[in-house]
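The values are calculated or read from the model by the stated rules, or taken from the named source; none is laboratory data. Source: prediction; values computed, not measured. Cβ placement follows ideal geometry from the backbone for every residue including glycine, while neighbour counts extend to all protein chains displayed.
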Amino acid sequence: MPAKVVVVGSLNMDLVTRAQRLPHAGETLHGESFATVSGGKGANQAVASARLGARVSMIGCVGDDAYGEQLRAALLAEQIDCQALTSVEGSSGVALIVVDDNSQNAIVIVAGANGQLTPDMVAGFDAVLAAADVIICQLEVPMHTVGYVLKRGRELGKTVILNPAPATSPLPADWYSSIDYLIPNESEASALSGLPVDSLESAELAASRLIAAGAGKVIITLGPQGSLFANGQGCEHFPAPKVKSVDTTAAGDTFVGGFAAALAAGKSEVEAIRFGQVAAALSVTRAGAQPSIPSLSDVQAFKAS
Ligand code: RIB
């Protein structure tokens, strides 16, 4: 039976438009297309883990609106266990996304139901957490809920991954000792460490600072430059596979979900990083969040090519 990944986090309906470029403040642009796509960092990571070989449970909240039904259906279609996905009164989370011709994006999220996920609610699904091999959290649900999950994951002896996204300020200092793998991107690593992160060298400094703060291991994702792994003994750079990028939305989520699935399946850290990188590279060749996430056979075919 495949290993178990439990994701505690957000589900958003992504309202996506493509435009030649991202708008400046006060500017109106004509968009070229519009689509509603299932997303949210938590749900994307759950879908990535499931498509890439793990058994997955999702703990989170959707609203009692049409988006909530669609977001739940999208997870069920991937055989993700949704017994701990609660429907609450009000709107589901949404994300307003613009993707430009260079495949870069700008995103504004409105938490909606994601903001109603409380520690008590998660505690009510303790058996789901206890059945995990790997637990993943992000920062699109309330901070006190994330803090609860990290500590509970540590108490239960699980492998705990935090993708600190989105992050604009340092994490609470007492979180670090509960985190086995901290996986920020460059801007999040900068917000967490207080250091600029715009090169491999500066990423190494930031990773060292986050390890010194107490994180077990740190993986800074660097977009087309790959990722930097640090474990307290040293750092290693993993270059990314070269692909033609169409849309980078959910690339980080695909890396995190793929890394977790590979780790849960007993792969080494190095194998899990390489696996996550191939999955993320394939995701940027396709549009949208969940629709862009590759399957295990896509990754295997790419590795063989
Ligand atoms: O990481 C991509 C995700 O960020 C999107 O799916 C959007 O919902 C936001 O949460």
Item to check | Yes/no for Gly26 being more than 20 Å from Asn114 (Cα to Cα) and surrounded by fewer than 17 Cβ atoms within 10 Å (Cβ to Cβ) | outcome: yes
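One line per residue, one yes/no per condition, for (1) surrounded by fewer than 17 Cβ atoms within 10 Å (Cβ to Cβ); (2) outside any helix (DSSP H, G or I); (3) touching a Leu at 6+ places or on another chain (Cβ under 9 Å):
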residue	(1), (2), (3)
Ala106	yes, yes, yes
Ile109	no, yes, yes
Tyr148	no, no, no
Lys151	yes, no, no
Checklist entry - Which residues, counting only those in the range 111-123, are outside any helix (DSSP H, G or I) and free of Cβ contacts under 8 Å to residues at least 40 places away in the same chain? => result Thr118
Next on the checklist: Among the residues of the range 124-146, what is the count of those that are over 18 Å from Asp81 (Cβ atoms) and in a helix (DSSP H, G or I)?
Outcome noted: 4
Checklist entry - Can you name the residue in the range 45-90 that is more than 18 Å from the chain's Cα centre (by Cα) and within 18 Å of Ser297 (Cα to Cα) and is also surrounded by the fewest Cβ atoms within 10 Å (Cβ to Cβ) among such residues? => result Gln79
Checklist entry - Filtering the range 63-86 down to residues that are part of a loop (DSSP other than H, G, I, E, B) and polar (S, T, N, Q), which residue is nearest to Ser295 (Cα to Cα)? => result Gln79
Next on the checklist: Which residue is farthest from the ligand (Cβ to nearest atom), if the candidates are limited to the range 211-233 and must be on the phi < 0 side of the Ramachandran plot and out of contact with any strand residue (DSSP E or B) (no Cβ under 7 Å at 6 or more places or on another chain)?
Outcome noted: Gln233
Checklist outcome for this item: Of those in the range 111-129 that are within 19 Å of Gln70 (Cα to Cα) and away from the ligand (no atom under 12 Å from the Cβ), the residue surrounded by the fewest Cβ atoms within 10 Å (Cβ to Cβ) is Gly115
Checklist entry - Which one of these does Thr249 not meet: (1) buried (at least 18 other Cβ atoms within 10 Å of the Cβ); (2) away from the ligand (no atom under 16 Å from the Cβ); (3) assigned to a loop (DSSP other than H, G, I, E, B)? => result (2)
Next on the checklist: Just to be sure I understand the filter: pairs with C-beta atoms under 7 Å, separated by 6 or more residues or on different chains, first member in the range 87-98 and assigned to a loop (DSSP other than H, G, I, E, B) and within 12 Å of the ligand (Cβ to nearest atom), second member among the aromatic types (Phe, Trp, Tyr) and modelled with pLDDT of 95 or more. Which pairs pass?
Outcome noted: Ser92/Tyr67
Next on the checklist: For the range 1-55: of the residues being among the aliphatic types (A, V, I, L, M), modelled with pLDDT under 95 and touching a strand residue (DSSP E or B) at 6+ places or on another chain (Cβ under 8 Å), which is farthest from the ligand (Cβ to nearest atom)?
Outcome noted: Met1
Item to check | Residue pairs meeting the criteria (Cβ under 6 Å; at least 6 apart or on separate chains; first at pLDDT 95 or above, in the range 292-304; second among the hydroxyl-bearing types (Ser, Thr, Tyr)) | outcome: Ser292/Ser283; Ile293/Thr254; Ile293/Ser283
Item to check | Residue among Ala260, Ala272, Ala240 that is away from the ligand (no atom under 16 Å from the Cβ), buried (at least 18 other Cβ atoms within 10 Å of the Cβ) and closer than 20 Å to Lys4 by Cα | outcome: Ala272
